[in-house]
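One structure is given below, encoded as structure tokens.
The values are calculated or read from the model by the stated rules, or taken from the named source; none is laboratory data. What you are looking at is a predicted structure, and each value in this text was computed from that prediction instead of being measured. In this analysis, Cβ positions are derived from the backbone assuming ideal geometry, glycine residues included, and neighbour counts consider all displayed protein chains.
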């Protein structure tokens, strides 16, 4: 157990030393045939974020890196640079404020020894990508919800369904009614003896 704790401490100490040994050595603004680039040279790669404040002003955020005591700022083929300010914000973080004509369109490139250059994406571009993904997910969710909803029936379909329901109810009511015997019984007309006018007449005369 003690060996694991010591090993963990050594790993974190090594990572801290590695982060502290990463220095920003140069900031170069290069204008090559009208295409502007901001080149950051450091000992190792680090996380860089580009934020555009205006067409002529940008801010670069660097994490896990320190400013070299002998940092160089160079301008190549450009004279429209108003200022470059490098600020250490603590915890091995750096902010670089660049003020130059058209600097917002410049490519930000991070260079380290024995490695290929890496182009930094704009923070606005990253946000647009995130919002695009969110918008697509919302649209897919809405489409899926619309498919699950029942289809709206027309007025004619509703009337037909109502008529069918009434007809079925009528059939049930007829089936449940008691049967009616429509067969007519034979009726024999009986004439009682003496039920004639003559009989009544004779009876009255005798009395």
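Among the residues of the range 19-27, is any modelled with pLDDT under 90, exposed (fewer than 10 other Cβ atoms within 10 Å of the Cβ) and outside any strand (DSSP E or B)? Scanning the range 19-27, I find no residue that is modelled with pLDDT under 90, exposed (fewer than 10 other Cβ atoms within 10 Å of the Cβ) and outside any strand (DSSP E or B), so the answer is no. Only one of these is at pLDDT below 85 and assigned by TED's automatic domain parsing to the domain that holds residue 116: 13, 46, 85, 73. Name it. After applying the criteria, what remains is 13. Take the range 91-103 and flag every residue that is part of a strand (DSSP E or B) and either surrounded by fewer than 16 Cβ atoms within 10 Å (Cβ to Cβ) or in contact (Cβ under 8 Å) with a residue 60 or more places away in the chain (or both). Hits for the range 91-103 are 94, 95, 96, 97, 98, 100. Of the residues making up the range 104-160, those that are exposed (fewer than 10 other Cβ atoms within 10 Å of the Cβ) and either at pLDDT 80 or above or more than 31 Å from the chain's Cα centre (by Cα) (or both) number 6.
Taking the stated definitions as given, is residue 85 more than 34 Å from the chain's Cα centre (by Cα), assigned to a strand (DSSP E or B) and farther than 11 Å from residue 24 by Cβ? So residue 85 fits the description; yes. The set of residues in the range 37-90 that are at positive phi and surrounded by 14 or more Cβ atoms within 10 Å (Cβ to Cβ) contains only 64.
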